[in-house]
1. Could you please find all residues in region 2-26 being aromatic (Phe, Trp, Tyr) and over 17 Å from Tyr121 (Cβ atoms)?
2. Condition check: in a strand (DSSP E or B) and surrounded by 12 or more Cβ atoms within 10 Å (Cβ to Cβ). Does Val8 satisfy that?
3. Leu79 - would you say it is part of a helix (DSSP H, G or I) and among the hydrophobic types (A, V, I, L, M, F, W, C)?
4. When you scan region 36-48, do you find a residue that is modelled with pLDDT under 95 and under 20 Å from Arg4 (Cβ atoms), even just one?
5. Looking only at region 14-26, which residues are exposed (fewer than 15 other Cβ atoms within 10 Å of the Cβ) and either touching a Pro at 6+ places or on another chain (Cβ under 9 Å) or in contact (Cβ under 8 Å) with a residue 40 or more places away in the chain (or both)?
6. In the list Ile91, Ile76, Ile86, Ile9, which residue meets the criterion of being in contact with a helix residue (DSSP H, G or I) (Cβ under 8 Å, 6 or more places away or on another chain), more than 22 Å from Ile137 (Cβ to Cβ) and at pLDDT 95 or above?
7. Tally the residues that are among the charged types (D, E, K, R) and over 30 Å from Gly108 (Cα atoms), restricting the search to region 33-87.
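The values are calculated or read from the model by the stated rules, or taken from the named source; none is laboratory data. These numbers were taken from a predicted model, which means no experiment stands behind them. Neighbour counts are summed over all protein chains in view; Cβ atoms, including those assigned to glycine, are modelled from backbone coordinates with ideal geometry.
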Amino acid sequence: MKVRLQDVIDALKYANMGTKYYYSGKNEDIVMVLTGVFAQPESLALARDIEAHPGDYVPLPDPEETDEYAMMEEFIETLPKEKQKIFFDDIYPTGAFRNFEKRLEAEGLTEAWLRYRNAEYDAFARSWCDYYGLEIIE
């Protein structure tokens with residue numbers, strides 16, 4: 001079974017409370033089920049197929065498993081000590097993601113963060129594919 005690495009990475013990055021992504025072994029593709037108020041007839045049909053044929057689908061990790069907040073903390077730990085305190089002070093009150101993005105911009109570190117974040121998602125996606133025995137298409 002094969003899967004495009006970028007499709008897995010995109011699903012990991014864009015997953016949220018209203019979506020659930022699966023690898024479809026039948027189509028060798030990533031499929032998305034919209035849930036809750038966003039559910040559409042196509043999503044409901046796909047959800048029924050997944051329930052009826054669970055062996056044909058592999059669920060991708062939920063956002064809690066990729067834990068972008070932990071990625072932020074790990075990125076901050078790569079910074080010089082004097083910058084770490086500033087960043088950590090910004091992410092602990094409410095609005096952590098917004099504060100983090102503002103601080104990145106102010107410090108000129110947005111591109112460094114994006115490279116770090118992309119590398120983390122890439123590694124996570126590769127590990128997930130390896131765990132499920134999926135051949136990666138670059």
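1. Within region 2-26, just Tyr22 meets the criteria.
2. Values: in a strand (DSSP E or B): no; surrounded by 12 or more Cβ atoms within 10 Å (Cβ to Cβ): yes.
It is false that Val8 is in a strand (DSSP E or B) and surrounded by 12 or more Cβ atoms within 10 Å (Cβ to Cβ).
3. When the stated conditions are applied, Leu79 does not pass them.
4. Let us first name the residues in region 36-48 that are modelled with pLDDT under 95, namely 36-48.
Filter again for under 20 Å from Arg4 (Cβ atoms), leaving 46.
Checked region 36-48: at least one residue is modelled with pLDDT under 95 and under 20 Å from Arg4 (Cβ atoms).
5. Going residue by residue through region 14-26, those that are exposed (fewer than 15 other Cβ atoms within 10 Å of the Cβ) are 14, 16-18, 26.
Passing the criteria: Asn16, Met17.
6. Details: Ile91 fails: at pLDDT 95 or above; Ile86 fails: at pLDDT 95 or above; Ile9 fails: more than 22 Å from Ile137 (Cβ to Cβ).
The unique qualifying residue is Ile76.
7. Residues in region 33-87 being among the charged types (D, E, K, R) and over 30 Å from Gly108 (Cα atoms): 6 in total.
Rundown of residues vs (1) farther than 21 Å from Gly18 by Cα; (2) in the same structural domain as Asp10 (by TED's automatic domain parsing); (3) surrounded by 15 or more Cβ atoms within 10 Å (Cβ to Cβ), yes/no style:
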| position | (1), (2), (3) |
| --- | --- |
| Asp56 | yes, yes, no |
| Pro59 | no, yes, no |
| Lys85 | yes, no, no |
| Asp90 | yes, no, yes |
